[in-house]
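Working notes, beginning with the structure itself.
The values are calculated or read from the model by the stated rules, or taken from the named source; none is laboratory data. If you're wondering where the values come from, they're calculated on a predicted model, not measured in any experiment. Positions of Cβ are generated from backbone atoms using ideal geometry, with glycine treated the same way; all protein chains shown enter the neighbour counts. In case anyone asks, the SASA skips ligands and DNA or RNA and just uses the protein heavy atoms, side chains included. Shrake-Rupley method; radii C 1.70, N 1.55, O 1.52, S 1.80 Å.
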Amino acid sequence: GQQLNQSPQSMFIQEGEDVSMNCTSSSIFNTWLWYKQEPGEGPVLLIALYKAGELTSNGRLTAQFGITRKDSFLNISASIPSDVGIYFCAGTPVAGGSNYKLTFGKGTLLTVNP
Amino acid sequence: AAGVIQSPRHLIKEKRETATLKCYPIPRHDTVYWYQQGPGQDPQFLISFYEKMQSDKGSIPDRFSAQQFSDYHSELNMSSLELGDSALYFCASSPRNQAETQYFGPGTRLLVL
């Protein structure tokens, strides 16, 4: 099946720093989604991207759907301690047809030092 | 805003027992997905339902079955539980006009002893 390569695996940053993470695939995706998950909780949808080239913001978060439809990035500006968590990219590959099961990246563990 | 509701939140079972997990989607969402997440892993798709019909199937063991009811809630039935079934089980729902945009519930943590 399709695989998403998410990097970096983990990040340890200082409060106030900007963060960038990305996902790439060898397959074309119809949709890219970014989720944040905290321990023992469900993934929370942060940003959804539906068109190649689309750039969307949600507060301090910005994400883009790559023009090739094979990649996406998520930026977090001016990080704060509550940004701590695991960030997952997820998408629906074109090869999946009309089914919308999500393929997930392996996640980026973000730690913010106050 | 209303979110996906899952019950129970925690469940402890013995090997070979059965378990039933319930999911109540966001109102007016007609598609439900089930995912399994092992420790330190990303969520893996199990099965999905659209308008009470199974729409897709992933790596779901034959020991598991699921269905969606007329009120759109869904149940995941797990039989002959094995130690390896211990995981977080998430339900997600999506609206009719944006089926690829999935909103996850808080999950059920299943521990098989």
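Structure data summary
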| quantity | calculated |
| --- | --- |
| Note, ³J(HN,Hα) from phi for region A:39-44, Karplus 6.51, -1.76, 1.60, rounded to Hz, x at Gly and Pro | x, x, 10, x, x, 9 |
| Most to least accessible of B:ARG16, B:ARG63, B:ARG9, B:ARG28 (protein chains only, probe 1.4 Å) | B:ARG28, B:ARG16, B:ARG9, B:ARG63 |
| Centroid-to-centroid separation of region A:1-42 and region B:1-18 [C-alpha atoms, Å] | 27 Å |
| Förster radius 45 Å - calculated FRET efficiency between A:THR111 and B:LYS13 (Cβ-Cβ, nearest 0.05) | 0.85 |
| Gyration tensor over alpha-carbon atoms, chain A, equivalent ellipsoid semi-axes in Å | 24, 14, 12 |
| Computed Kirkwood radius, in angstrom, where 1/r is averaged over Cα pairs of region B:1-51 | 13.0 Å |
| Scaled radius of gyration (Cα, divided by 2.2 N^0.38 Å) that chain B gives | 1.00 |
| Selection from B:THR101, B:PHE64, B:ALA2 lying farthest towards where the dipole of the protein assembly as shown points positive, charges on Cβ | B:PHE64 |
| Candidate residues A:SER7, B:SER48, B:SER59: accessible-area rank, largest first, probe 1.4 Å | B:SER59, A:SER7, B:SER48 |
| Rounded FRET efficiency, nearest 0.05, which uses the C-beta distance separating B:SER79 from A:THR68 and R0 of 41 Å | 0.40 |
| The protein assembly as shown, Cα convex hull volume normalised per residue, Å³ | 120 Å³ |
| Test item: Cα-centred dipole of the protein assembly as shown, Lys/Arg +1 and Asp/Glu -1 on Cβ, debye | 340 debye |
| Per-pair calculated FRET efficiency, R0 = 30 Å: A:VAL94 and A:SER10 via Cβ, rounded to 0.05 | 0.50 |
| DSSP-assigned coil residues among GluC sites (Glu not before Pro) in region A:1-109, each with at most 12 further Cβ atoms within 10 Å | A:GLU15 |
| Per-residue HN-Hα couplings for region B:51-67 [Karplus 6.51, -1.76, 1.60; θ = phi - 60°; Hz; x = Gly/Pro] | 6, 6, 10, 5, 10, 7, 9, x, 8, 9, x, 5, 6, 9, 9, 8, 7 |
| Heavy atoms of A:ASP71 accessible to a 1.4 Å probe, total area in Å² rounded to 10 | 50 Å² |
| Under 19 Å from B:LYS13, Cα to Cα: aspartates and glutamates that are on another chain or at least 8 residues apart | B:ASP62, B:GLU75, B:GLU82, B:ASP85 |
| Potential lengthening between B:ASN97 and B:THR20 on full extension [0.36 nm per residue; Cα-Cα distance subtracted] | 24.8 nm |
| Dipole magnitude of region A:54-114, debye to nearest 20 (Cβ charges: Lys/Arg +1, Asp/Glu -1, about Cα centre) | 160 debye |
| Cα lying deepest toward the dipole's positive end in chain B, options B:HIS73, B:ILE12, B:TYR50, charges on Cβ | B:ILE12 |
| Candidate lysines - alpha carbon under 25 Å from A:LYS106, same-chain residues fewer than 8 apart omitted | A:LYS36, A:LYS51, A:LYS70, B:LYS57 |
| Spatially proximal lysines relative to B:LYS52 (Cα-Cα < 19 Å; intrachain offsets below 8 disregarded) | A:LYS101, B:LYS22 |
